[in-house]
Amino acid sequence: MIFFREADVNCSVLSKKKVGRWLKTVVESHKKQLGEVCVVSCSDEHLLEINKIHLNHDCYTDIISFDYTEGDVVSGDLMISFDRVRENAIENGIGFQDELRRVMVHGCLHLCGFNDKTNVEALKMRKEENKALEKFHVEL
């Protein structure tokens, strides 16, 4: 099940049930079962502190995925900076909700075992993100 929680900013995900069903189909399309995934909305400053404490990174990011997956049951926390998502959306000339869905699916793909540390991995991740984003409007 997909849960939506707030750390220090409003969780302004529109159509939460629809988004939850979509993310479930993304997980299942990778031959995994959805356990519990929590999408947590936070500010740049909140996520920066988490990044420093848990990853020793002193930089802003749009998402940090905490993976609790066991076997084929995908579970985890997706800590998302809504500030960063808003800035990325403006930079890319797309809507906030579109960019937010990209970031959420990016986190789910990490929980499914995809990485983006190398250029090859990042290209594969982006391809999977795009494939999933196309399905949001078609299937649901």
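Annotations
- Positive end of the dipole of segment 23-83 (Cβ unit charges, origin at the Cα centre): among S41, Y60, V26, the Cα lying farthest that way belongs to V26.
- When Rg and Dmax are taken over the Cα atoms of segment 6-78, they come to 13.7, 36 Å.
- The orientation-averaged projection of the convex hull spanning the C-alpha atoms of segment 2-139 amounts to 8.0 square nanometres.
- Ordered by the number of other Cβ atoms lying within 10 Å of each residue's own Cβ, fewest first, T118, T25 fall into the sequence T118, T25.
- As a calculated quantity, the FRET efficiency between A7 and D116 at R0 = 30 Å, using C-beta atoms, amounts to about 0.80.
- With the simple model of a label 7 Å out from the Cα in the direction of the Cβ, R21 to K135 spans 1.4 nm.
- Cα centroid separation, segment 14-87 to segment 109-124 (Å): 15
- Total charge dipole magnitude, segment 2-139, about the Cα centre, Cβ charges on Lys, Arg, Asp, Glu only, Debye to nearest 20: 660
- Sequence of C112, C42, C59 once ranked by neighbouring C-beta atoms within 10 Å, starting from the fewest: C59, C112, C42
- Measuring against 24 Å, Cα to Cα, the residue pairs K31/K127; K52/K135; K18/K127; K24/K131; K16/K124 contain K52/K135; K16/K124 as the ones spanning a longer distance.
None of the figures in this text is laboratory data; all of them are computed from the coordinates on show. Nothing here was measured: the structure is a model prediction, and the numbers come from that model. All Cβ positions, even for glycine, are placed from backbone atoms using ideal geometry, and neighbour counts span all protein chains on display.
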